[in-house]
1. Classify the stretch 130-189 from the C-alpha gyration tensor, please: rounded if a/c falls under 1.5, else prolate or oblate depending on whether a/b exceeds b/c.
2. So for the stretch 87-224, averaging the separation of alpha carbon pairs under 8 Å that are six or more residues apart and normalising by length, what relative contact order in percent results?
3. Taking only DSSP H segments of four or more residues, each worth -39500 (n - 2.57), what value at 222 nm results for the chain once the sum is divided by all its residues, to the nearest 500 deg cm²/dmol?
4. Measure off 7 Å from each Cα along the Cα-to-Cβ vector at residue 66 and residue 203, then give the distance between these two points in nanometres to one decimal.
5. Need one number for the chain: average projected area of the convex hull over its C-alpha atoms, nm².
6. Relative contact order, percent, of the stretch 1-106 when contacts are C-alpha pairs under 8 Å separated by at least 6 residues?
7. Is the stretch 110-251 rounded, prolate or oblate when judged by the Cα gyration tensor, a ≥ b ≥ c being the square roots of its eigenvalues, rounded requiring a/c under 1.5 and prolate requiring a/b larger than b/c?
8. At what distance in nm do the modelled label points of residue 143 and residue 20 sit from each other, each positioned 7 Å from its Cα along Cα→Cβ?
């Protein structure tokens with residue numbers, strides 16, 4: 001609707017908070033082939049963006065210089081490592097803030113002090129259980145990788161060479177109120193519904209913004225008796241459930257196990273999937289299907 005949608009917003013990346021960058025470098029770089037894109041230390045945290053074969057990115061965040069700003073350290077102490085936020089790039093942050101306010105949302109953490117990076121946030125209580133960052137950046141960032149960023153890559157099972165880099169397709173965000181999530185991600189943030197469907201106990205919709213990274217909303221439709229999805233939400237308005245990737249030889253990844261039929265709600269696509277559970281990936285579940 002005119003005046004109630006942020007024009008030209010794009011889902012840019014998903015952030016994964018960890019104690020140290022190096023904790024997930026073996027998983028993302030060696031095993032999944034992600035390349036260093038940009039990053040470095042900052043006041044309170046150090047972001048490191050890792051790019052996958054299709055151009056989608058995960059931003060790995062670790063606490064840094066916490067005496068200046070301890071927000072990420074406090075998040076880790078309360079929630080542990082895991083998904084932290086979704087970042088949407090916008091062409092005009094001031095206009096985006098005004099649009100959010102017109103639909104009854106109040107952005108927080110507004111910072112216009114750095115001309116290379118304007119930002120504001122939607123609190124999880126207003127954004128279906130996930131931090132949504134709105135950012136305006138006139139220039140793309142790049143930087144050389146740290147000296148200890150891995151260059152080794154996982155080898156094929158037959159020894160013929162390294163596996164191809166994985167593609168990061170989407171973030172799956174489980175929500176208790178599908179209509180509220182749709183109002184946020186489609187209505188306000190301008191996502192396009194490219195596919196949708198319904199299972200026996202859930203509904204889902206795939207959203208796109210013309211960028212490599214997509215978003216799937218999934219919501220239970222039958223809270224009684226409570227199934228796995230309802231139990232996992234645990235009364236929350238929403239939680240990032242997993243990242244989905246296409247991977248060469250996913251059955252060869254350490255900690256990857258086949259997804260059984262009891263969890264068929266996780267993916268609507270036919271064909272086998274593998275899962276790396278949150279406890280094996282610093283709080284963020286990965287769902288893998290073969291390239």
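1. oblate
2. The value is 17 percent.
3. Rounded to the nearest 500, it is -3000 deg cm²/dmol.
4. Here the modelled spin labels are 4.2 nm apart.
5. 15.4 nm²
6. Relative contact order, the stretch 1-106: 38 percent.
7. Oblate, since a/c reaches 1.5 and b/c is not below a/b.
8. Spacing of the two 7 Å Cα→Cβ label points: 1.9 nm.
Computed from the coordinates by the stated procedures, all read-outs in this text should not be read as laboratory data. Note that this is a predicted model, so its numbers are computed, not measured. Neighbour counts are summed over all protein chains in view; Cβ atoms, including those assigned to glycine, are modelled from backbone coordinates with ideal geometry.
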